[in-house]
Amino acid sequence: MSAATTRSRTPDRLCAEAVDLARSAAEEAAAPGVVGEHAGLVSEGDRVATHFFECKELGYRGWRWAVTVARASRAKVVTLDEVVLLPGPDALLAPEWVPWSERLRPGDMGPGDLLPTDAEDLRLEPGYSGEDEPAPNAPVSHEMAELVEAEDAEVTAGVPANLPFGPSRGSIAAVAEELGMRRARVLSRYGLHIAADRWEEAYGAKTPMAQAAPASCVTCGFLAPIGGSLGQAFGVCANEFAPADGRVVSLTYGCGGHSEAAVMPKPPRPAPPVIDETRVDPFPLRPAADSGSVSVTGDEESAELGHS
């Protein structure tokens, strides 16, 4: 054990009393009015101590101004060592830095952004590896390509040896281009699985929308099928009123915009009333004079006095 490690950690008396010197140094380094009260003292070694002052600057909650002072051996004058702003035990700190490749999330890319893929990306695999060599009598073999070149030589100006390049008909690249296999790499099984899991979680059977749907997307007329192996479990929603319009949805997903949902009935038309209560029929307050069984006469004296 060295002599330096056995020395006392008790703060030097003169260094501990140099609070005013430390405050003046902190106020000179900081903006006016941001150096607060004295927050403690720490011994850094023999005749070396650090004074802490509260920081009142906005955005630096819990930070402290640390001023280190020192005294030479057998000296009575304390000198300034350094002034820094350090976070305290309860300081507000920025989150730990994460590389952009790990920080990027789906939906973060905007117009013009580029996301390069790693050469060893597990989500991709070669579209055509060339490991399976075609048979000699296959249409894409080298022997058949030479025969094709010979056939083309009969209809092409000049002999094939004088041409700048041989016809590409019958070559592997030509057949691959004709079959739509021009991509250097395609999705691997792992890439397909993680994509399917992501789509199933976003628009799958376990979502609240699917749980309340009248039927699943597999029977919906708005579902546009997709090719490949993913077409056995997913499709594209083409209902402009659905929440997943233009999205890849699971066949077990569903929403209220299902094409075979219950048709809204037409508003009922009431039957004509038996009694028309909207029409007013006039009724006289007194009976008409000619409504009785006795005819009306103009002379009351000549009228019969009785009835038989």
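The values are calculated or read from the model by the stated rules, or taken from the named source; none is laboratory data. As the structure is a prediction and not an experimental result, all values here were calculated from the model. Don't worry about glycine lacking a Cβ; one is built from the backbone with ideal geometry, like all the others, and counts go over all protein chains shown. The protein model used for the area step is the full one, side chains on, heavy atoms only, and it has no ligands, DNA or RNA in it. Shrake-Rupley method; radii C 1.70, N 1.55, O 1.52, S 1.80 Å.
Structure notes:
- About its Cα centre, the dipole of the stretch 189-250 is roughly 140 debye, where the only charges are +1 on Lys and Arg Cβ and -1 on Asp and Glu Cβ.
- Derived scalar couplings ³J(HN,Hα) [the stretch 206-214; Karplus, 6.51 cos²θ - 1.76 cosθ + 1.60; whole Hz; x for Gly, Pro]: 8, 6, x, 5, 5, 5, 9, 6, x
- The H on the amide N of Leu124, modeled in the peptide plane, is under 5 Å from the matching H of Ser188, each at least 5 residues off or on a different chain.
- Stokes-Einstein D in µm²/s, Kirkwood radius over Cα pairs - the stretch 189-250 at 25 °C with 0.890 mPa s viscosity: 206 µm²/s
- Asp46 - accessible surface, heavy atoms, 1.4 Å probe, Å² rounded to 10: 50 Å²
- Accessible area of Ser216 in the full protein assembly, 1.4 Å probe (Å², nearest 10): 40 Å²
- Projected label distance in nm at Ala212 and Asp197, using a 7 Å step from Cα toward the beta-carbon: 2.9 nm
- Carbon plus sulfur fraction of accessible area for the stretch 189-250, probe 1.4 Å, in percent: 57 percent
- Accessible surface computed residue by residue for the stretch 189-250, with neighbouring protein chains in place and a 1.4 Å probe, gives 62 Å² per residue.
- With distances taken between every two different alpha-carbon atoms, the stretch 13-87 has a Kirkwood hydrodynamic radius of 12.3 Å.
- Among 238-249, 48-59, sorting by the average number of other beta carbon atoms lying within 10 angstrom of each residue, highest first, gives 48-59, 238-249.
- For Glu260, the solvent-accessible surface with a 1.4 Å probe is about 130 Å², rounded to the nearest 10.
- Accessible heavy-atom area order of Asp90, Asp81, highest first, probe of 1.4 Å: Asp90, Asp81
- Val83, Val280, Val218, reordered so the largest accessible area comes first (probe 1.4 Å): Val280, Val218, Val83
- Under the convention that each Lys and Arg Cβ holds +1 and each Asp and Glu Cβ holds -1, the size of the dipole of the stretch 13-87 around its Cα centre is about 220 debye.
- Once the Cβ-Cβ distance of Glu82 and Arg185 is raised to the sixth power relative to R0 = 41 Å, the FRET efficiency obtained is 0.15.
- If R0 is taken as 30 Å, the Cβ-Cβ distance between Ala119 and Asp245 corresponds to a FRET efficiency of 0.25.
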